[in-house]
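Single-structure report; data block below.
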Amino acid sequence: MSLSTDLPVDPAEKAQPFDWFRTLSAKGKKAFLGAFGGYGLDAYDFQVLPLALGAISSYFVISSGKAGLLTTVTLLVSALGGALAGVLADKIGRVRTLQLTVATYTLFTVLCGFAPNFETLLVFRAFQGLGFGGEWAAGAILVAEYAQTKYRGRTVAYVQSAWAVGWGLAVLVYTLVFQFISEDLAWRVLFWTGALPALLIIWVRRNLTDSESVTQRRESAGKRAGSFASIFRRDLLPTTLFASLLATGVQGGYYTLATWLPTYLKKSRHLNVVGTGGYLFMLIGGAFLGYVTGGILADRIGRKRTIQLFAALSVAFMIAYIQVPEGADTTVLILGFPLGFCTAAIFSSFGSFLSELYPTASRGTGQGFTYNFGRGVGAIFPTVVGFLASTTLGLAGAMMFGAFGYVLAVIALFGLPETRGRELA
């Protein structure tokens, strides 16, 4: 589908629920499936660490601060991986970059299961971050460039909903593995199941291609394509700075929850493995619907308003969730759904919003850099929470630090334009 031939449309025009998928070309549908699978398995390979963090801490006898460092290192290196993947997406294409990133995070997730000590695990997890950081940028841009303008928000949001699917699969496997295998071995087995994405690489290689019209424009840009300098030139510098701040705030808040919530449920709420899995499934169910709903709203009310709305709601439900008194576990269970819904819905606009902020020759670089700069700086949040948890605040009080990220996100939006209805050129 040529993006340049899309007719001007009203983004708020009423559409049928799955028109976004039906209007994709045959190649576009394959691109969607490949990106969905890549991001879902990306989530799976990331989430095995937070789920196994308690067992890993006990096995290697490490403090909560060191445990948080495992996630922080992953996210810091993912910032580099995402930025490099963005450049590669502009230079060698979206599909080839997708293959490289999936292969990288698959290999090093499996190797984590063989780590003989904490230091080795830290190194393997860092390299896993290279692929983890790059996959989203390549996949989201690939799909955005196939989608029709009026459906772009929800189409890319459905790709992001794969995160909830991968997260749910990780929780399911975690629950089964830790039920039947001792903790000392179970965390290793959980990492070894991260080999699943290898099957996706084969399928992507055989079935996916970049959008032809975008490929032509990318190739015609020559050396200008995939240049870090291009996103810091005068006309794009404010966009790059504010988009980076936006990504930092949203991801700092999210990774605080993603990293420490399983440990909070197990140690602060005193839930067993099955109980923890059940509570997380409520959160994940809300997240899946949040991704989808956020995408629809992004097309109807705009990217900025959607992010502002869910930033405010994320803060409210995060505070409510953590402040539930001891013994009120049913309330915690119920609040998990809206918390997951809001913290996921805020991401729904990102794929389309960041794609629309940059021209074709710089789109991969711009999206890859800003989103993953946010991951890198946002990575500080889990470590800060880990160290604060060792103080009189405790883990519940320390997790409140994550709410600060959503305040940063709202501030950043004042420096960015609304892009709903913008053609990709």
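The values are calculated or read from the model by the stated rules, or taken from the named source; none is laboratory data. Treat the numbers as computed from the prediction; the structure is a model and nothing was measured. Note that each Cβ is placed from the backbone with ideal geometry, even for glycine, and that neighbours are counted across all protein chains shown.
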**Prompt:** Based on what the data block shows, is Arg152 basic (Lys, Arg), on the phi < 0 side of the Ramachandran plot, buried (at least 24 other Cβ atoms within 10 Å of the Cβ) and touching an Asp or Glu at 6+ places or on another chain (Cβ under 6 Å)?
**Reply:** no
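With respect to Val156, determine if the residue is modelled with pLDDT of 85 or more, out of contact with any Pro (no Cβ under 9 Å at 6 or more places or on another chain) and not in a loop (DSSP other than H, G, I, E, B).
Judged against the criteria, Val156 is a match.
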**Prompt:** Mind checking whether some residue in the stretch 134-148 is assigned to a helix (DSSP H, G or I), modelled with pLDDT of 85 or more and surrounded by fewer than 24 Cβ atoms within 10 Å (Cβ to Cβ)?
**Reply:** no
**Request:** Restrict the check to the stretch 317-333 and report whether at least one residue is within 22 Å of Arg300 (Cα to Cα) and not hydrophobic (A, V, I, L, M, F, W, C).
**Result:** no
